[in-house]
Amino acid sequence: MAHATHHHATLVGTLWPTDSRSNTILRGSVLSILGTLLLIIAAKVQVPFWPVPLTMGTLVVLGLGMAYGWRLAGATMLLYMAEGAMGLPVFAGTPEKGIGVAYMMGGTGGYLVGYVLAAVTVGWLAEKGWDRTFLGTALAMLIGNAVIYVPGLIWLGVLFGWDKPIFEWGFTPFILGDVTKLALAMVLMPLAWKLLGKRSTRKQAPSS
């Protein structure tokens, strides 16, 4: 017997549903551009933190995945990567540390690949309903973080050699900040759904 595949509406899909092909294209274009703007801002803003300044890049990547779903999140991340490849200073450290494909092939290249994979992964999990609860959101975010770190650390090893302290460079300084961002997302996503549910209930309530 075939099992039914359960598909849950994403947060954005609930807030901005589509009813026609033209509406779908407009919605996708607007949200992709808006998503890249959020990614650029997140890449440039640094919050004082220990042991290294905190950036919001991973939080926005995973948040977009969870809010958009895997298709739209993947398209948004590919648009962001295309902007960077064209030489626009959209990444952290650009243009000071280089721009374009040369920058993307440097030490952060693996993490950029991880961004795309993580947004798609978390988006897929969100469409399975993982974003509706605190525990589900936390697990999805943990998986998304792992998907970012794996290609990031592998690429560091390829570039600089496995005899170097790869984990000390690319993992240890950032893990505390990532746990903090995970805790923030774990609260925000289920809360957004709860507020959305209350708003829908008020709209549907009969007037006396």
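Each value in this text was obtained by applying a stated rule to the coordinates, not by laboratory testing. None of these values were measured; they are calculated from a predicted model. Don't worry about glycine lacking a Cβ; one is built from the backbone with ideal geometry, like all the others, and counts go over all protein chains shown.
Here are the numbers for this structure:
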quantity: All positions within region 166-182 that are under 27 Å from residue 131 (Cα atoms) and touching a helix residue (DSSP H, G or I) at 6+ places or on another chain (Cβ under 8 Å); calculated: 171, 178, 181, 182
quantity: Count - residues of region 33-55 that are of a type outside the set (A, V, I, L, M, F, W, C) and touching a Pro at 6+ places or on another chain (Cβ under 8 Å); calculated: 2
quantity: Top-ranked residue in region 146-197 [being aliphatic (A, V, I, L, M) and farther than 23 Å from residue 52 by Cα; ranked as farthest from the chain's Cα centre (by Cα)]; calculated: 158
quantity: Close pairs from region 29-48: first closer than 14 Å to residue 119 by Cα, partner surrounded by 12 or more Cβ atoms within 10 Å (Cβ to Cβ) and of a type in the set (Asp, Glu), Cβ under 7 Å, at least 6 apart; calculated: 36/83
quantity: Subset of region 47-92 that is over 17 Å from the mean Cα position of the chain (by Cα) and aromatic (Phe, Trp, Tyr) - its residue that is surrounded by the fewest Cβ atoms within 10 Å (Cβ to Cβ); calculated: 50
quantity: Any chance residue 25 is without any contact (Cβ under 8 Å) to a residue 40 or more places away in the chain, within 22 Å of residue 151 (Cα to Cα) and either of a type in the set (A, V, I, L, M, F, W, C) or surrounded by fewer than 21 Cβ atoms within 10 Å (Cβ to Cβ) (or both); calculated: no
